[in-house]
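Structure record follows, encoded as structure tokens.
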Amino acid sequence: QEFKTTDIDMAGLAKDVFEELKAVNPDRTVRLVINHPPTGAGDLSMIHQVVVNLLSNAMKFTRKREEAVIEIGGSHHGDEAIYYIKDNGVGFDMAEADKLFGVFQRLHSADEYEGTGVGLAIVQRIIARHGGRVWAESEREKGATFYFSLPVKTYP
């Protein structure tokens, strides 16, 4: 599809996606903390998909927490804006981090957590198309933080 760059209110986008996900999971108690992510620049429909995939994962992997907390934030670093989505879910072992963004790679069993294993691969592909990067940090049972960067749009 055609790539159309526009300014993106990342806080508003995260709030909208979170509300959509909460509507699908009305029985869940999940708190969203929005920590001043900077305005982004990119293709809105593609970045929307990135946020959907990352927030969906955070919702999924906090399912067993009595009080699930998901935080989104970010800041500018040089010529890129770095965003993060952090959760207090089950996390993963960093020794397996190289598998995260591979197609059909799963770090948790399909019996325990649903999914096809393509969500993070899609995230990586979209962010790479924007000229950014994606990475994660985690510790088992202490949650996970997924980061992505977007180039800062410069105006003439």
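The values are calculated or read from the model by the stated rules, or taken from the named source; none is laboratory data. Being a predicted model, the structure only gives us computed values, none of them experimental. Cβ: placed from backbone, ideal geometry, glycine included. Neighbour counts: every protein chain shown. These area figures cover heavy atoms from the full protein model, side chains too; ligands, DNA and RNA do not enter into them. Shrake-Rupley method; radii C 1.70, N 1.55, O 1.52, S 1.80 Å.
Candidates are the residues of segment 17-29 that are under 14 Å from the mean Cα position of the chain (by Cα) and not β-branched (Val, Ile, Thr); the one that is surrounded by the most Cβ atoms within 10 Å (Cβ to Cβ) is 18.
Residue 116 satisfies every condition listed in (1) open to solvent by 80 Å² or more (accessible area, probe 1.4 Å); (2) hydroxyl-bearing (Ser, Thr, Tyr); (3) modelled with pLDDT of 70 or more except (3).
Can you find, within segment 1-13, the residue that is most open to solvent (accessible area, probe 1.4 Å) among those that are assigned to a helix (DSSP H, G or I) and in contact (Cβ under 8 Å) with a residue 60 or more places away in the chain? Give the derivation first.
In the first step, residues of segment 1-13 are kept if they are assigned to a helix (DSSP H, G or I); the result is 10-13.
Then drop every residue that is not in contact (Cβ under 8 Å) with a residue 60 or more places away in the chain, which leaves 10-11.
Details: 10: 2, 11: 28 Å².
The residue in question is 11.
If you scan segment 85-94, which residues turn out to be touching a Phe, Trp or Tyr at 6+ places or on another chain (Cβ under 9 Å) and either surrounded by fewer than 19 Cβ atoms within 10 Å (Cβ to Cβ) or assigned to a loop (DSSP other than H, G, I, E, B) (or both)? Hits for segment 85-94 are 89, 90, 91, 92. When segment 117-156 is examined, which residues are found to be among the β-branched types (Val, Ile, Thr), in a loop (DSSP other than H, G, I, E, B) and closer than 21 Å to residue 10 by Cα? 152, 154 - these are the residues of segment 117-156 that are among the β-branched types (Val, Ile, Thr), in a loop (DSSP other than H, G, I, E, B) and closer than 21 Å to residue 10 by Cα.
Give the residue that is farthest from the chain's Cα centre (by Cα), with candidates limited to residues of segment 77-104 that are modelled with pLDDT of 75 or more and of a type in the set (Val, Ile, Thr). Steps first, please.
Within segment 77-104, the first condition is being modelled with pLDDT of 75 or more, and the residues that meet it are 77-93.
Remaining after also requiring of a type in the set (Val, Ile, Thr): 82, 85, 90.
Numbers: 82: 12, 85: 5, 90: 15 Å.
This residue is 90.
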